[in-house]
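S.K.: Below you will find the structure I want to go over with you.
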Amino acid sequence: MRGHHHPDGVTRCAWCGTDPLYMAYHDTEWGVPEYDDRALFEKLILDGFQAGLAWITILRKREGFRAAFDGFNPEIIAGYGPEKVEALMQDTGIVRNRSKIVSTIRSAQVWLDIQERGPGFSALLWGINGPVLDNARQPDDPPLVTSPVAQAMSKELKARGFNFVGPTIVYAFMQAVGMVDDHTVTCHRHGARS
């Protein structure tokens, strides 16, 4: 987890390596607080698809996912029927996992319910999280994989009908959407909020 000094002279978290796509994701997205309901839905779904795979795999297929899932528009996804599931199972632009595809449809329906009945998806998640938590990670600290907040958020999401939202997936999601700042203190992005 040591901070890595890259050829461009910038020190980053070691996990992003030197892949240009991964470095760009690290520098512009990972850890930036996200409050948009739809964007949070997309990121949670993608983190669920990532379970058992490397995040770079999902990142490389993200545009394929966006095309296949109608821009992650929950209003459209909630209406997907069996024919769409079969079409998605043939789509090489995504990770073809039937249970995760079916779960995405159910999650879209739950998301709509949260939007309609309140408090709204962003308000629900940030209400559980509270303000951004800065873990002041040192380069040699072992990676964090969950937290009490992630466990509480996971429990709430499961209770509402989401799947693929275990505490480890939820914690990775929280890192990605800036609910926690887990950039190492040596990283140029540590403490950045945009």
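The values are calculated or read from the model by the stated rules, or taken from the named source; none is laboratory data. In this text the structure is predicted, and so the values were computed from the model without any measurement. Note that each Cβ is placed from the backbone with ideal geometry, even for glycine, and that neighbours are counted across all protein chains shown. Side chains included, ligands, DNA and RNA excluded: accessible areas come from the protein's heavy atoms. Shrake-Rupley method; radii C 1.70, N 1.55, O 1.52, S 1.80 Å.
S.K.: For the range 1-77, which whole percent of the accessible surface, found with a 1.4 angstrom probe, sits on carbon and sulfur atoms?
M.R.: Ligands and nucleic acids excluded, carbon and sulfur reach 55 percent.
S.K.: Let me ask you something else. What would the Debye formula give as log10 I(q)/I(0) at q = 0.19, 0.26, 0.29 Å⁻¹ for the alpha-carbon point model of the range 40-86, no solvent?
M.R.: -0.64, -1.04, -1.14
S.K.: Compute the helix-to-body angle for 55-68: its Cα long axis versus the longest principal axis of the chain, expressed 0 to 90° and rounded to tens.
M.R.: Relative to the chain, helix 55-68 is tipped by roughly 30 degrees.
S.K.: On the first, second and third principal axes, largest extent first, how far apart are the outermost C-alpha atoms of the chain in Å?
M.R.: On the principal axes, the chain reaches 49, 35, 25 Å in Cα extent.
S.K.: Further question: Please sort 13-22, 82-91, 37-46, 177-186 by packing, taking for each peptide the average over its residues of neighbouring beta carbons within 10 angstrom, highest first.
M.R.: Values: 13-22: 14.9, 82-91: 12.7, 37-46: 20.4, 177-186: 22.1.
Packing order, densest peptide first, comes out as 177-186, 37-46, 13-22, 82-91.
S.K.: Continuing with the same structure: Got a sec? What order do Lys155, Lys100, Lys61 fall in by accessible area at 1.4 Å, biggest, i.e. largest, first?
M.R.: The residues order as Lys155, Lys61, Lys100, largest area first.
S.K.: Next up: Tell me the per residue accessible area of the chain using a 1.4 Å probe; a whole number in Å² is fine.
M.R.: 45 Å²
S.K.: Would you work out which of Asn97, Leu144, Gly120 lies farthest towards the positive end of the dipole of the range 1-148, given +1 charges on the beta-carbon of Lys and Arg and -1 on that of Asp and Glu, about the Cα centre?
M.R.: Checked the options; the winner is Asn97.
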